[in-house]
1. Find all pairs meeting these conditions: Cβ atoms under 8 angstrom apart; at least six residues apart or on different chains; first residue within segment 95-107 and among the β-branched types (Val, Ile, Thr); second residue surrounded by 19 or more Cβ atoms within 10 Å (Cβ to Cβ).
2. Where in segment 1-115 are the strands (runs of 3 or more DSSP E), entirely inside, with at least 2 residues that are more than 28 Å from residue 226 (Cα to Cα) and within 14 Å of the ligand (Cβ to nearest atom)?
3. Are there any pairs with C-beta distances below 6 angstrom linking a residue in segment 49-73 that is at positive phi to a residue that is within 12 Å of the ligand (Cβ to nearest atom) and among the polar types (S, T, N, Q), with the two at least 6 apart or on different chains, and if so which?
4. Quick one: how many residues across segment 1-31 are touching a helix residue (DSSP H, G or I) at 6+ places or on another chain (Cβ under 9 Å) and within 19 Å of residue 47 (Cβ to Cβ)?
5. If a residue has to be surrounded by 17 or more Cβ atoms within 10 Å (Cβ to Cβ) and of a type in the set (S, T, N, Q) to count, how many in segment 142-173 make the cut?
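Read-outs throughout are calculated quantities, based only on the coordinates presented, and are distinct from any laboratory measurement. Just so it is clear, the model here is predicted, and its values are computed rather than measured. Virtual Cβ from ideal backbone geometry, glycine too; neighbours counted across all protein chains shown.
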Amino acid sequence: MSSKRVLIVEDESDIREILIYNLRREGFIAEGYASGREGLEAIKRLKPDLVILDLMLPELDGLTVCQQVRADPSVHSTPIIIVSAKEEESDIILGLGLGADDYMTKPFSPRELIARVKAVLRRGQAVSDGPQNDRITIGELVIDVERHEVTVGDESIPLTATEFKLLHQLASFPGRAFSREQLLNRALGEGVVVVDRNIDVHIRAVRKKLGSLADSIETVRGIGYRFADPRSDRSS
Ligand code: CA
């Protein structure tokens with residue numbers, strides 16, 4: 001397997017160097033850029049396999065960089081992990097809404113970083129927003145889209161149309177966090193009458209019905225929800 005190229009856009013040189021060091025040690029080609037403008041230019045020039053993007057950056061902030069990458073057909077599907085300080089939770093939600101694939105809050109450990117980078121690369125073209133079709137199998141959970149049926153082991157799980165769509169959206173992208181707004185827009189979409197727009201209520205109902213698998217829908221504090229990635233050792 002050829003080495004994957006990861007670009008780091010981060011203005012704090014200490015953090016940038018630690019990221020580069022740890023990624024190189026894992027066999028990645030890693031390069032750092034200190035401003036949003038330099039980072040964006042490098043992304044367009046080098047077409048990396050993944051970008052780690054700080055939000056608070058000189059010249060161009062991270063959200064703008066994210067937006068411009070997604071708007072450029074030559075690089076629009078580049079996976080992006082945004083990094084930010086904990087206090088910038090609303091920016092993380094904006095970032096996910098602009099198509100970032102995942103996020104990390106500072107401080108994070110090198111181990112968490114590497115796990116996250118590998119998970120996002122594994123997911124591949126994670127920016128495609130539509131859930132998968134036909135059938136999703138995650139451990140004991142089977143979502144049969146055509147038959148609109150969910151089973152856990154031998155047991156059939158009766159879900160409402162809204163609950164089904166939410167579970168389908170989350171389970172299509174294990175490990176990826178979605179904000180409530182994204183779930184409303186993407187999972188439920190247009191043409192669907194949602195009586196109760198309170199996502200939390202629906203999620204609670206899905207969890208209850210999933211029984212022993214209730215924990216597979218994780219609450220991402222300050223952000224929204226995600227389906228636990230069965231291959232990730234990340235704890236939350
Ligand atoms: Ca910064």
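1. 105/83; 105/84; 105/92
2. 29-33
3. Note: pairs meeting the criteria are 59/35.
4. Total meeting the criteria: 11.
5. The number of residues fulfilling the criteria is 3.
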